[in-house]
1. Here is a list of conditions, (1) out of contact with any helix residue (DSSP H, G or I) (no Cβ under 9 Å at 6 or more places or on another chain); (2) over 17 Å from Leu188 (Cα atoms); (3) part of a helix (DSSP H, G or I), and Gly239 meets all of them except one; can you say which number that is?
2. Only residues in the range 239-263 that are more than 18 Å from Leu22 (Cβ to Cβ) and touching a residue at least 60 places away in the same chain (Cβ under 8 Å) count as the first member; pair them with residues that are of a type in the set (Phe, Trp, Tyr) and surrounded by 12 or more Cβ atoms within 10 Å (Cβ to Cβ), Cβ under 9 angstrom, at least 6 apart or cross-chain, and list the lot.
3. His76: in contact (Cβ under 8 Å) with a residue 24 or more places away in the chain, outside the structural domain of Leu298 (by TED's automatic domain parsing) and in a strand (DSSP E or B), yes or no?
4. Restricting the range 260-303 to residues that are part of a helix (DSSP H, G or I) and in contact with a His (Cβ under 8 Å, 6 or more places away or on another chain), which is farthest from Glu28 (Cα to Cα)?
5. Does the range 188-204 include one or more residues that are crowded, with 22+ Cβ neighbours inside 10 Å, among the hydrophobic types (A, V, I, L, M, F, W, C), touching a residue at least 40 places away in the same chain (Cβ under 8 Å) and over 17 Å from Lys160 (Cβ atoms)?
6. With the requirement that a residue be surrounded by 15 or more Cβ atoms within 10 Å (Cβ to Cβ) and either among the hydrophobic types (A, V, I, L, M, F, W, C) or not assigned by TED's automatic domain parsing to the domain that holds Ala189 (or both), what does the range 218-237 give you?
7. Looking at (1) more than 15 Å from the chain's Cα centre (by Cα); (2) part of a helix (DSSP H, G or I); (3) in contact (Cβ under 8 Å) with a residue 40 or more places away in the chain; (4) within 27 Å of His141 (Cβ to Cβ), which one does Gly82 not meet, given that it meets all the others?
8. Tell me, please, whether a residue that is in contact with a Pro (Cβ under 9 Å, 6 or more places away or on another chain), of a type in the set (A, V, I, L, M, F, W, C) and either over 28 Å from His141 (Cα atoms) or modelled with pLDDT under 95 (or both) can be found in the range 32-39.
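The values are calculated or read from the model by the stated rules, or taken from the named source; none is laboratory data. This is a predicted model, so every value here is computed, not measured. For neighbour counting, all protein chains shown are included, and Cβ atoms are generated from backbone atoms with ideal geometry for every residue, glycine included.
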Amino acid sequence: MLLPPSDWLPQAPLEPLHLDWLTAAGIEVAILRLDQIDPLISGNKWFKLSEHLKAADRVGAEGIISLGGAHSNHLHALAAAGKRLGFKTVGLLRGHPQETPTVKDLQAFGMHLHWLGFAGYRARHEPGFWSPWRAQYPELHAVPEGGGGLSGALGCVALKEQVDAQLHSLGWSDYHGWWLACGTGTTLAGLVLAEAGAHTVYGALAVPEDHGVAPQVESILREAGRVDAGYELIDASRGGFAKVDPGLLALIEQTEQASGVPLEPLYTGKALLALKEQIGSGKFSSGTRLIFIHTGGLQGRRGFQP
């Protein structure tokens with residue numbers, strides 16, 4: 001049994017985000033604090049994992065094998081879940097062996113690591129990639145990079161339920177859309193499925209367009225039988241994944257001082273900066289209400305301190 005007790009996951013708080021530039025534009029933003037659901041298995045990562053763990057249970061697997069980088073929030077949450085819940089975990093990592101705070105945690109949590117190099121990692125979407133790993137670890141269930149795929153998206157449908165249950169606490173009867181960072185597009189796809197066209201989901205791309213987020217989202221929606229859009233992808237990568245610049249770091253510091261909300265520069269920081277830029281360009285009119293998802297990942301900021 002890979003799953004925790006049904007009452008393990010607490011409600012993520014939904015809070016108003018008070019910032020001067022939002023007030024000046026007449027935009028209201030509520031932030032869903034997924035960073036607060038658990039010290040280690042935090043953010044959207046648990047939601048993406050939940051349906052994969054159910055699938056692993058159904059086939060009698062003893063654990064999970066998955067992919068990620070040396071700062072991967074997904075692998076960090078997976079390894080922490082494996083240690084806490086008592087199942088095996090194996091990580092296939094991008095690049096060559098290196099020590100980062102994340103990698104040290106993965107090892108401490110008992111995850112067995114394989115470094116694939118860069119060419120080996122790029123082959124992850126090719127037919128037959130998983131065959132040798134399934135042969136080596138027949139007792140493990142394979143999960144795509146970032147907890148992706150339709151299973152990962154279906155786990156994120158619950159995010160809308162968490163928001164709907166708390167709107168009254170803000171005095172809101174409705175909202176106009178969602179705003180969140182995208183690394184694989186899985187969480188965005190889950191929200192598109194949950195909304196069924198009722199509200200637009202805006203995805204701030206933390207990775208360049210050539211990372212294939214758009215086709216991944218389309219693939220998930222096709223598999224789910226959903227052909228309508230209901231979402232928009234916006235470049236927020238600032239030149240590449242993990243590219244950090246003074247403007248981004250300044251916004252993170254100003255936001256933390258003004259609101260007390262901690263951010264990291266790979267995902268949530270870039271998403272908030274992209275929102276500020278889009279509001280500045282007039283994308284949203286005064287009176288717009290948006291749900292901003294804090295996707296967690298704060299463990300990753302340890303490797304990117306200014």
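1. All conditions are met except number (3).
2. Ala242/Phe304; Val244/Phe304
3. Working: in contact (Cβ under 8 Å) with a residue 24 or more places away in the chain: yes; outside the structural domain of Leu298 (by TED's automatic domain parsing): yes; in a strand (DSSP E or B): no.
In short, no.
4. At the first step, the residues of the range 260-303 found to be part of a helix (DSSP H, G or I) are 268-280, 298-303.
Now narrow it down to the ones that are in contact with a His (Cβ under 8 Å, 6 or more places away or on another chain): 268, 299-300, 303.
Details: Thr268: 18, Gln299: 28, Gly300: 28, Gly303: 32 Å.
Checked the range 260-303; the qualifying residue farthest from Glu28 (Cα to Cα) is Gly303.
5. yes
6. Ile220, Leu221, Ala224, Leu233, Ile234, Ala236
7. (3)
8. So the first thing to find is which residues in the range 32-39 are in contact with a Pro (Cβ under 9 Å, 6 or more places away or on another chain), and the list is 32-33, 35-38.
With the extra rule that they be of a type in the set (A, V, I, L, M, F, W, C), the set shrinks to 32, 37.
Of the ones still in play, those that are also either over 28 Å from His141 (Cα atoms) or modelled with pLDDT under 95 (or both) are 32, 37.
Yes, there is a match, as at least one residue in the range 32-39 is in contact with a Pro (Cβ under 9 Å, 6 or more places away or on another chain), of a type in the set (A, V, I, L, M, F, W, C) and either over 28 Å from His141 (Cα atoms) or modelled with pLDDT under 95 (or both).
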